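Undergrad: Dumping the structure here so I can ask a few things about it.
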Amino acid sequence: MKRRDLLIGASLFGASFAVALAGSVTAALAQAEIKIGEINSYSALPAFTEPYRKGWQLAVEEINAAGGVNGKKIVVISKDDGGKPADALTAANELVEKEKVAMLAGTFLSNIGLAVSDFANQKKVFFLAAEPLTDAITWSKGNRYTFRLRPSNYMQAAMLVDEAAKLPAKRWASIAPNYEYGQSAVGVFKKLLMAKRPDIEWVDEQWPPLGKIDAGPVVQATAAAKPDAILNVMFGADLVKLVREGNTRGTFKDRAVVSFLTGEPEYLDPLKEETPEGWIVTGYPWNDIKIPEHDKFLKAYQAKYNDYPRLGSIVGYQTIKAAAAILAKAGSEDTDKMIAAAEGITMPSPFGEITFRKIDHQSTLGAFVGKTTQKDGKGVMVGNTYRNGKDYLPSDAEVSTLRPKE
Amino acid sequence: MGFYFVQFLTGLASASALFLVASGLSIIFGVTRIVNFAHGAFYMLGAYIAFTLTERLSGAFGFWGGILIAALAVAVIGVIVEMLLLRRIYSSPELFQLLATFGLTLMVEDLVVLIWGPDDLLGRRAPGFRGAVEMFGQNVPSYDLFMIVLGPVVLGILWLLFHRTRWGILVRAATQDRDMVAALGVNQKWLFTSVFGAGVFLAALGGALQIPRDAVHHALDLRIIVEVFVVVVIGGLGSITGAFVAAVLVAELNAFGILILPKVSIVLVFLVMAVVLIVRPYGLFGKPEAVARKTPGLSVRPWAPFTRNERIACLVGVALAALLPLVAGNYALTVGAEIAIFVIFAASLHFLMSVGGLASFGHAAYFGLGAYGVAFLAKLAGLPMILCLALGPLLGLAGAAIFGFFAVQLSGVYFAMLTLAFAQIVWSIAFQWVPVTGGDNGILGIWPEQWAAGPARFYWLSLGIAVAVVSILRIIVFSPFGYALRGTRDSLLRSESIGIDAKRIQWTAFVIAGTAAGIGGSLFAYLKGSVFPDNIGIGLSVDALVMVLLGGVETVSGAVIGAIVFKALSIWLVSQTDWSKLILGGVIVLIVVAFPKGIVGMIETWRHSWRARSDAPSAKPAGLAASQPEGAE
């Protein structure tokens, strides 16, 4: 028994040494490339992450075709987090400790974004958050190492409030998923709208669990409060159920609806002939954008994938483009130099020029606001205007009180 | 008034949808005693296949025909699964079938994305039931009315089937006493297969009928499976009428609950289940389970403490593990620490399951409480790490003491489901009490102090604690307390008749297991630097069950191996591929087939049969003693 265990032990040692050796050989070969570690919820949220992956793959191809960054090729090492913060941290650790990546990027869910951001702060690694919307990631839990690309919850709420304040509606009701994103979306929207329209009142709120809406009773309860307008934050399959139930029961007839994210192709396209008329939404009307940079992106994307881009494609594409721009400006893979380079960096994007603000590390990437309608049995956004992110952030004085002191 | 009536009708429609799926689960469990984790997967497959068929076939016949064909097709898949997979493991330890169906569920979740793509799919509305009917000035969807009628119709058909056909009589007989049915010469194989097929048919029908209301997507299964289990248990296992009443109860409470407390949906079903089970230990319509004739647990070989050689082998194994930092990199060490923590977690559940015979479906509650305990102490009270590690698990202990008291009053699946209810209640508190727990954004910044920072130090710390916890649990197994606990597991009646206070013993075991899980959770908080409601979630509880079953529930410490294999495999697969669920599920199914007693269970069986063969010629008294059935009746 003992001898056998010793044997196993010896072979284990041997195997480990072989692995270690192999590792150092790859390290030597890897001199001419810059590794970016990327994490996202590929298996848990494929509807968003598949287009997202296509987006960043296109960016990598373009960057390397143009000679890479600082004379090196960009390599993205991508990991799945399965939608769990703990697994995202395992992946982040692998990317940093084993793959020795220059920076971390990606993530979708807010809690995962926050977990990775805290990890980055602890390990002193640069982290470019792609998608998580929570305000905490740049404000209350912001840190030196974390930057965020997408317009935050606050920014999207502010864009929608611009339009909502113009509505005659006085009685408002909200329907939002019962988790941090839904809660803070409703919270910020309420606060901003009440500031512009002190005359309105909130008559009902519904908080179905994320992914588990029992749409009939929810719609019925909302209608019973007789609101003039409804704020919706549901998305994905929950949105489909809500819209179907509301359409059948006539809940959205003669009512204004303001809805977060509904104009994003990921959430709008599945609605098809159920698409409600005239909802005021944030989103990405990919075939109605007249920005030259977007034309270029659209052509390249369609040529490569023979498919149209979703918002995830833009996020993935711009995440890696931003990473490359930061690396190029820093001229180095040193974390402090990258942070210095990223603070205040300006770069082109498919939505026009964007800046990563020095004050809170938030990018000024904006979103489109428009109204939903149906065209040939498909949902589209019409009357779209691009809202530049920089116009929808609080004053610098206010922002500086939101971030913890370092 | 009209509004309340319409709200009531809406609740009934939700109830019917729930009942269809729950009835299938109920009859499967009633007859075969399989905790069919894959029921949600069959529901989802029903929806996907019905989507494809109703898009292809045209007209009203196409739609309804498509739904029926989809349900039949999935039933055929179910029958194949039963014949190829489940038949092999009916004689395996209790709950082992859970492992097989869990593996299947993982596979299906990835397969539907591979086949149907990642996008949410919108099915057609039902021909003839597109619009709404006006009642009291409110619009009621006609499809809701259709569902309201369908629920009782299905209930009626099932009642006729069970009371007016020979098959139904056999099914009811088997539900009551399947050994007796077998003894009377009924071909159990085909009875089980047909029941499984019928149950799967109902699940798939339930899924297919959702396409006019829902979107079809790859997370449908998880959305329904737990809720359906809850409904079945509230109604009483094996009782179809009970499932119906429970579905109505749950759906109506939800429909009216959200009018008063809009956030209640997240925890409502679990609250209802906890209350029902505390008041009625066998659900609303259930009867006490018939006493099993077979001795539960391992009856062929008695457990024995390690021999000297085995002890040395363990020491060598631990020593080798302790030398890992000499060869492994930082990443491998962090993974090593994570595995060590899951060894603690799995071993704690294993103690409760294999020694106490109490399978908890909510063990993550105590793991998570330990993690939150550390988070509170470190972030709110600012205590040093060593104190946090020592005191954090006390929150797990406290939770186990409170919930355990109620849980041990029950047994079997009812016990399991009550622990699940408690875990979900704890989870929803962590999720909802944002000012204190941070809600789903969790508590961040719980990093180890200098003395334990660094992958190697933290690895040694985790390994040391894991070795200590597993050793202590083993010592308890072979202590008088351990024997008493095994007594309550093997025969509650006899152990009580010789003066063992069974409930007290079981409660103590529950507290020990909860505290040990809390120790794991405390370490986990420091490993990840953060705590999330996920640490209490159902997913983690299921992972623990899988580790225990994989290792072998009839062994003393099989969970240690189960945890190492499962955790290492899943971390590696998630890192290597986006289809980790498909491969992991496949591997689990293969392990189930190859090791029907779990990995360690099978290895021990092989070792003993090999030893018995080599011992046979000498026929020592010791050998005889060892082959004496421990708990033979």
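Undergrad: For region A:239-285, which positions are within 14 Å of chain B (Cβ to nearest Cβ) and of a type in the set (Asp, Glu)?
TA: A:Glu245, A:Asp254, A:Glu264, A:Glu266, A:Asp269, A:Glu273, A:Glu274
Undergrad: Somewhere in region A:314-326, is a residue touching a helix residue (DSSP H, G or I) at 6+ places or on another chain (Cβ under 8 Å), farther than 21 Å from A:Ile77 by Cα and crowded, with 22+ Cβ neighbours inside 10 Å?
TA: No, region A:314-326 contains no residue that is touching a helix residue (DSSP H, G or I) at 6+ places or on another chain (Cβ under 8 Å), farther than 21 Å from A:Ile77 by Cα and crowded, with 22+ Cβ neighbours inside 10 Å.
Undergrad: Which condition from (1) within 14 Å of chain A (Cβ to nearest Cβ); (2) in contact with a helix residue (DSSP H, G or I) (Cβ under 8 Å, 6 or more places away or on another chain) is the one that B:Ile603 breaks?
TA: (2)
Undergrad: Something else now. Filter region A:33-53 down to the residues that are assigned to a loop (DSSP other than H, G, I, E, B) and at the interface with another protein chain (Cβ under 9 Å from one of its Cβ atoms), then identify the one that is surrounded by the fewest Cβ atoms within 10 Å (Cβ to Cβ).
TA: The residue in question is A:Ala44.
Undergrad: Regarding region B:40-62, can at least one residue be identified that is without any contact (Cβ under 8 Å) to a residue 24 or more places away in the chain, surrounded by fewer than 16 Cβ atoms within 10 Å (Cβ to Cβ) and part of a helix (DSSP H, G or I)?
TA: Within region B:40-62, one or more residues are without any contact (Cβ under 8 Å) to a residue 24 or more places away in the chain, surrounded by fewer than 16 Cβ atoms within 10 Å (Cβ to Cβ) and part of a helix (DSSP H, G or I).
Undergrad: If you take the residues in region B:595-633 that are part of a helix (DSSP H, G or I) and of a type in the set (S, T, N, Q), which one is modelled with the lowest pLDDT?
TA: B:Ser627
Undergrad: Sticking with this structure for a sec: Of all residues in region B:407-450, count the ones that are away from chain A (no Cβ under 12 Å) and over 22 Å from A:Gln183 (Cβ atoms).
TA: Result for region B:407-450: 19.
Undergrad: Any idea which of B:Ala517, B:Ala468, B:Ala513, B:Ala453 is of a type in the set (A, V, I, L, M), surrounded by fewer than 16 Cβ atoms within 10 Å (Cβ to Cβ) and either more than 14 Å from chain A (Cβ to nearest Cβ) or within 28 Å of B:Pro302 (Cβ to Cβ) (or both)? Break it down into steps so the answer makes sense when it comes.
TA: Working: B:Ala517 fails: surrounded by fewer than 16 Cβ atoms within 10 Å (Cβ to Cβ); B:Ala513 fails: surrounded by fewer than 16 Cβ atoms within 10 Å (Cβ to Cβ); B:Ala453 fails: either more than 14 Å from chain A (Cβ to nearest Cβ) or within 28 Å of B:Pro302 (Cβ to Cβ) (or both).
Residue meeting the stated conditions: B:Ala468.
Undergrad: May I ask you to list the residues in region A:227-257 that are closer than 22 Å to A:Trp202 by Cα, surrounded by 24 or more Cβ atoms within 10 Å (Cβ to Cβ) and touching an Asp or Glu at 6+ places or on another chain (Cβ under 7 Å)?
TA: Result: A:Val243, single match.
Undergrad: Look through B:Leu461, B:Leu387, B:Leu394, B:Leu369 and report the one residue that is surrounded by 24 or more Cβ atoms within 10 Å (Cβ to Cβ), in the same structural domain as B:Leu549 (by TED's automatic domain parsing) and not in a loop (DSSP other than H, G, I, E, B).
TA: Going through B:Leu461, B:Leu387, B:Leu394, B:Leu369 in turn, just one is surrounded by 24 or more Cβ atoms within 10 Å (Cβ to Cβ), in the same structural domain as B:Leu549 (by TED's automatic domain parsing) and not in a loop (DSSP other than H, G, I, E, B): B:Leu369.
Undergrad: Return the only residue of B:Ala452, B:Ala516 being within 26 Å of the chain's Cα centre (by Cα) and within 22 Å of B:Gly368 (Cβ to Cβ).
TA: Sole residue among the options that is within 26 Å of the chain's Cα centre (by Cα) and within 22 Å of B:Gly368 (Cβ to Cβ): B:Ala516.
Undergrad: Can you name the residue in region A:54-75 that is in contact with a Gly (Cβ under 8 Å, 6 or more places away or on another chain) and not in a helix (DSSP H, G or I) and is also surrounded by the fewest Cβ atoms within 10 Å (Cβ to Cβ) among such residues?
TA: Ranking the qualifying residues of region A:54-75, first place goes to A:Asn70.
Undergrad: Of the numbered conditions (1) of a type outside the set (Phe, Trp, Tyr); (2) more than 9 Å from chain B (Cβ to nearest Cβ); (3) surrounded by fewer than 24 Cβ atoms within 10 Å (Cβ to Cβ), A:Gln183 fails exactly one; give the number of that condition.
TA: (2)
Undergrad: Still on this structure, please answer the following. Pairs only if they're at least six apart or on different chains, beta carbon under 6 angstrom, first in region B:499-510 and free of Cβ contacts under 8 Å to residues at least 24 places away in the same chain, second part of a helix (DSSP H, G or I); list them, first residue then second.
TA: B:Ile500/B:Ala484; B:Ile500/B:Gly487; B:Ala502/B:Thr488; B:Ala502/B:Leu492; B:Ala502/B:Ser495; B:Ala502/B:Glu496
Undergrad: May I ask you to list pairs of residues, at least six apart or on different chains, whose Cβ atoms are under 6 Å apart, with the first in region B:129-145 being facing another protein chain (nearest Cβ under 8 Å) and touching a residue at least 40 places away in the same chain (Cβ under 8 Å) and the second being in a strand (DSSP E or B) and of a type in the set (Val, Ile, Thr)?
TA: B:Val140/B:Val133
Undergrad: Kindly evaluate A:Pro198 against the criterion of being more than 7 Å from chain B (Cβ to nearest Cβ), in a loop (DSSP other than H, G, I, E, B) and in contact with a Lys or Arg (Cβ under 6 Å, 6 or more places away or on another chain). Break it down stepwise before answering.
TA: Numbers: more than 7 Å from chain B (Cβ to nearest Cβ): yes; in a loop (DSSP other than H, G, I, E, B): yes; in contact with a Lys or Arg (Cβ under 6 Å, 6 or more places away or on another chain): no.
So A:Pro198 fails the test.
The values are calculated or read from the model by the stated rules, or taken from the named source; none is laboratory data. Owing to the predicted nature of the structure, the values given are computational and were not obtained by experimental measurement. Don't worry about glycine lacking a Cβ; one is built from the backbone with ideal geometry, like all the others, and counts go over all protein chains shown.
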